[in-house]
Structure formats: C-alpha cells, structure tokens
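*Asks:* Below is one structure. I have some questions about it.
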Amino acid sequence: MTILCIATYLKGEPFLQECRRLGATVLLLTADSLRGAAWPRDAIDEIHTIARDATDAAVKRRVDEIARRHRIDRVAALDDFDVEMGGMVREHLQVEGMGRTTASRFRDKLAMRVKARASGIPVPAFSPTFNDAEVNAWTSRVTAPWVLKPRSSAAAIGIKKVHAHDELWRALDAAADNRSNTVLEQFVPGDVYHVDSIVWRGAVVFAVAFKYGRPPMEIAHQGGLFITRRLADASEEGTALLALNRRLQEVLGLGRGVSHSEFIRPGGPGLSTVARAQDVRAKVDGPALSTVARAEDTRAKVDGFVFLETSARVGGAFIVDTIEAATGVNLWAEWAKIEIAGDGGEYVVPPQRDDFAAIVLTLARQEAPDMSAYVDREIVKTIRKNHHAGLIVSSADTGRIDALVADYTGRFYRDFFATAPAPDRPLE
C-alpha cells in the first residue's frame, strides 16, 4: 500500500505516523518552502515538493514523476487548501476517493451552500458575485450587514464584514479579477458551534458537538480568547446538531474520511430568516446558477441551527486534541486508518469515553509564556507554542469544565492576552 499525502502547510504528523504504523509506504508532497520543516521523517519514505502557486498542470507533472517509480494506491489531502488538489490528483491517477466535484462541496463556500440549500438544509441568505444586477437586487432585498467571503479559504482568513452598499462595491472592485471567487452572505449573529465527524461508507459513525465561546470570525477580527467546549450528546443543542450534521454529510457525499462542520444558532438583533430550497419559487430565466441570487425571495423562519460551512479535514486550533481529551479518539489516526482501509476494507470506531473537554487558547505577549501557575488536575495538555498560551481540560463533570473555563478566561486576559491583525492569507 502506497499513500501520497498532500500537505502544503505543516500539519498532519499523527496521520503520517499512523500510516507508517499500518505498514504503508508514505510519500509526502509539500511546498518547496517546507522541504526542511519539522516533518516526522521516520514516518515518511520520500518528500517531494511543488511551488505553492503551482498550476494544475505543474502538479500533474510532479505527480507523474512520482508515479513512474511508485504505484500510488491512495491520495490524502491533509489541509483545507489541498482538498481540491487531492480531488484533481485522484481523478488524474484514477485512484479511489473524492473527485473534484465532491471535493468542491467541502472547499468551495458557494458550492457547499448551493448543495445544502437544494437539499433542504437551512443556510444564511447568500449570493454569488458574478453579475452586477443580481448583486444589486440581492442587496436591495437582504438586510445588511453582509459578509464577503473567499470561496476557497479557511478559518476566517480574508473575510470582510460590510455594512452598506457603497462599502460592498468598494470591496468587490478591490477584488478585481478575484471577484468571482467570493460569495456574499447575510451576516447572522448568534452562537457558533462545530461538529467533528468520522464518516465511513457514507454514514457518520462518530461525531461530537462543541460550542465556541465566541464566533471564530469575531476572534480573528476583534481579538479575544479561543474557547470551545464539548456539549452533551443528549442535550437539546447536542441532539439537534448531531442530527443536522448527519443530514449534511449524507447530502454532501463524503464517502469516507473526517469532517469539521460549523453551524450557527441565530439570535440577537440580526435577521433570523434563511433560504430553504423547498420554499423557493423563483422563476428560472437564465443560467441555473443565476437563480441562487434570487432564492432568498421566499424565506422561512428558522428557530434552530443554520449551516455555515464544512470541510473534509480535522478541525484546527487543537480541536483534535480537545476531542481526544473527551473521548480518547484521535481523528488524525482514525482518518489514516480509514484511508488505508479504502473502499474494500473494514473500519471500526475504537472504544470511546464520554467525558467533557474544553480548550482555552490565546495569543500571548510573552514568547514563551510561563504556565506553571496552572496546576488543576483536569489539565490534560498545555499548549507550548511561541507567543501562545493554552490549556485543554477534561472531566466527567461538565460543570467542572464550565468552572475551569470561566476561571481561565479571566486569568488568561490578565496573564497572557495579546492581539494581532487578522491575516489576509494563510501563514506557513
């Protein structure tokens, strides 16, 4: 078994190590600038590189060179930015797994919204930005503020919140030739949640629901602590989120792998209405995609959860570690097992705990923050990273987790907190 792992950012070490433990030949395709990075080299047979801005043709040429010496059985894309490349390489080599069309639903924010809405999953009102008249018509119907998002970015990178028509058009004009690679969405205030899943043969076989302390976009643009904590599966929020996530994964077509999906529960002064495909009666008088901008003409009030976005990867910001602290399940390692098993193999979710866990994480003023004052027995991991301070805690008692998060929130602001402008592009 030979697996080609694509990772143009430094991540996925546990995935690579698990593939090696399972006996696979592990080939890594990464960016030129990361050839000398701290990869787990004892788990990698060969490292190959490409330019970060390589074209599809250049990627195929590089893969062809690798394939002349290795029969590639699996292709795994370990980062959000590599998902579509992975789909392209699978189609090129004709190996099993997601092709580009399915991959786009886990990468392209417009594609995932179109598919979700067409399947009856509630989404915020949105519009593509191809056509001037349609953008103007949409903004005349949908109340500001709006959010202009890159269609193929990750986390909150490149997102702009706009409050007026003129401000929106300045942002669209500034995007120039990249304008068509954006999607316009109504800003919906509310609490934001995530569900992290393992999918096997098209079915969700493991999932946990978490609630963010504050929305990630707010943290990225305004600063603050990153906090997320596990919800009880049987809680009102947990039950609803897990059910909606099962519908989402089935609709989007992830046959096998892992997924990190985000949802919002609308609340506050903003509009709590979203478009649903079954309520849309828009007249089709042009290209099919042009009806997307009109779909909000008929809207339904949604009192529950609304889908924001998804991905075919594990969650970032130490979410994998937090899930492992609660359940004992490491999503990187399980993902590797699934990829090696493939379409014809077998996979069984390992036994799991049903504890609670949370992470509190912040940018720090200090290069190497002193965390020695934090000694609670529930601490299972201390985040050690330059200019970051973070703790992951775990307990069978959700009340104890809530108390620790409340305590650490005040202390982190006093002891460590720093802020920095949100990046316009991902950092290596």
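*Asks:* Any residue that is touching a residue at least 24 places away in the same chain (Cβ under 8 Å), under 30 Å from GLY97 (Cα atoms), within 27 Å of the chain's Cα centre (by Cα) and surrounded by 19 or more Cβ atoms within 10 Å (Cβ to Cβ) - is there at least one of those in segment 398-405?
*Replies:* Among the residues of segment 398-405, not one is touching a residue at least 24 places away in the same chain (Cβ under 8 Å), under 30 Å from GLY97 (Cα atoms), within 27 Å of the chain's Cα centre (by Cα) and surrounded by 19 or more Cβ atoms within 10 Å (Cβ to Cβ), which makes the answer no.
*Asks:* Name the one entry in GLY344, GLY304 that is over 19 Å from SER259 (Cα atoms), open to solvent by less than 40 Å² (accessible area, probe 1.4 Å), outside any helix (DSSP H, G or I) and modelled with pLDDT under 95.
*Replies:* On the way: GLY344 fails: open to solvent by less than 40 Å² (accessible area, probe 1.4 Å).
Of GLY344, GLY304, the one residue that is over 19 Å from SER259 (Cα atoms), open to solvent by less than 40 Å² (accessible area, probe 1.4 Å), outside any helix (DSSP H, G or I) and modelled with pLDDT under 95 is GLY304.
*Asks:* Among (1) exposed (fewer than 14 other Cβ atoms within 10 Å of the Cβ); (2) among the acidic types (Asp, Glu); (3) at pLDDT 95 or above; (4) closer than 30 Å to ILE72 by Cα, where does ASP370 come up short?
*Replies:* Answer for ASP370: the failing condition is (4).
*Asks:* Being under 14 Å from ASP82 (Cα atoms) and in contact with a strand residue (DSSP E or B) (Cβ under 8 Å, 6 or more places away or on another chain) is the filter here, so list the residues in segment 34-62 that pass it.
*Replies:* Matches in segment 34-62: THR49, ILE50, ALA51, ARG52, VAL59.
*Asks:* Give the residue that is most open to solvent (accessible area, probe 1.4 Å), with candidates limited to residues of segment 138-166 that are assigned to a helix (DSSP H, G or I) and charged (D, E, K, R).
*Replies:* Step one: filter segment 138-166 for residues assigned to a helix (DSSP H, G or I), giving 138-141, 165-166.
Next, from what is left, pick out any that are charged (D, E, K, R): 141, 166.
Working: ARG141: 72, ASP166: 105 Å².
Filtering segment 138-166 for residues that are assigned to a helix (DSSP H, G or I) and charged (D, E, K, R), the one most open to solvent (accessible area, probe 1.4 Å) comes out as ASP166.
*Asks:* Being more than 26 Å from LYS149 (Cα to Cα) and among the acidic types (Asp, Glu) is the filter here; which residues of segment 208-266 pass it?
*Replies:* Those that are more than 26 Å from LYS149 (Cα to Cα) and among the acidic types (Asp, Glu): ASP233, GLU236, GLU237.
*Asks:* Scan the strands (runs of 3 or more DSSP E) fully inside segment 1-111 and keep the ones with 2 or more residues being crowded, with 20+ Cβ neighbours inside 10 Å.
*Replies:* Values: elements: 2-6, 25-31, 46-50, 74-77.
It comes to 2-6, 25-31, 74-77.
*Asks:* Could you count how many residues in segment 373-384 are outside any loop (DSSP other than H, G, I, E, B), open to solvent by 70 Å² or more (accessible area, probe 1.4 Å) and among the hydrophobic types (A, V, I, L, M, F, W, C)?
*Replies:* We begin by selecting, within segment 373-384, every residue outside any loop (DSSP other than H, G, I, E, B); these are 379-384.
Filter again for open to solvent by 70 Å² or more (accessible area, probe 1.4 Å), leaving 380-381, 384.
The next check asks that each one be among the hydrophobic types (A, V, I, L, M, F, W, C); those that pass are 380.
Number of matching residues: 1.
*Asks:* A further question follows. Select, from VAL135, VAL188, the only residue that is at negative phi and either modelled with pLDDT of 95 or more or not in a loop (DSSP other than H, G, I, E, B) (or both). Explain how you work it out, then say what you get.
*Replies:* Numbers: VAL188 fails: either modelled with pLDDT of 95 or more or not in a loop (DSSP other than H, G, I, E, B) (or both).
Going through VAL135, VAL188 in turn, just one is at negative phi and either modelled with pLDDT of 95 or more or not in a loop (DSSP other than H, G, I, E, B) (or both): VAL135.
*Asks:* Take the residues of segment 324-334 that are in contact with a helix residue (DSSP H, G or I) (Cβ under 6 Å, 6 or more places away or on another chain) and assigned to a helix (DSSP H, G or I): which is farthest from GLU18 (Cα to Cα)? Steps first, please.
*Replies:* Applying the first criterion (in contact with a helix residue (DSSP H, G or I) (Cβ under 6 Å, 6 or more places away or on another chain)) to segment 324-334 yields 330-333.
Filter once more, keeping what is assigned to a helix (DSSP H, G or I): 331-333.
On the way: LEU331: 11, TRP332: 8, ALA333: 6 Å.
The selected residue is LEU331.
*Asks:* Are any residues in segment 363-384 over 29 Å from LEU16 (Cβ atoms) and touching a helix residue (DSSP H, G or I) at 6+ places or on another chain (Cβ under 7 Å), and if so, which ones? Give the steps one after another, and end with the answer.
*Replies:* Step one: of segment 363-384, the residues over 29 Å from LEU16 (Cβ atoms) are 365-366, 370, 372-378.
Passing the criteria: ASP376, GLU378.
The values are calculated or read from the model by the stated rules, or taken from the named source; none is laboratory data. Small disclaimer: the values here were computed from a predicted structure and weren't measured. We place every Cβ from the backbone using ideal geometry, glycine too, and count neighbours over all the protein chains shown. Just the protein is used for accessible areas: all its heavy atoms, side chains included, with ligands, DNA and RNA removed. Shrake-Rupley method; radii C 1.70, N 1.55, O 1.52, S 1.80 Å.
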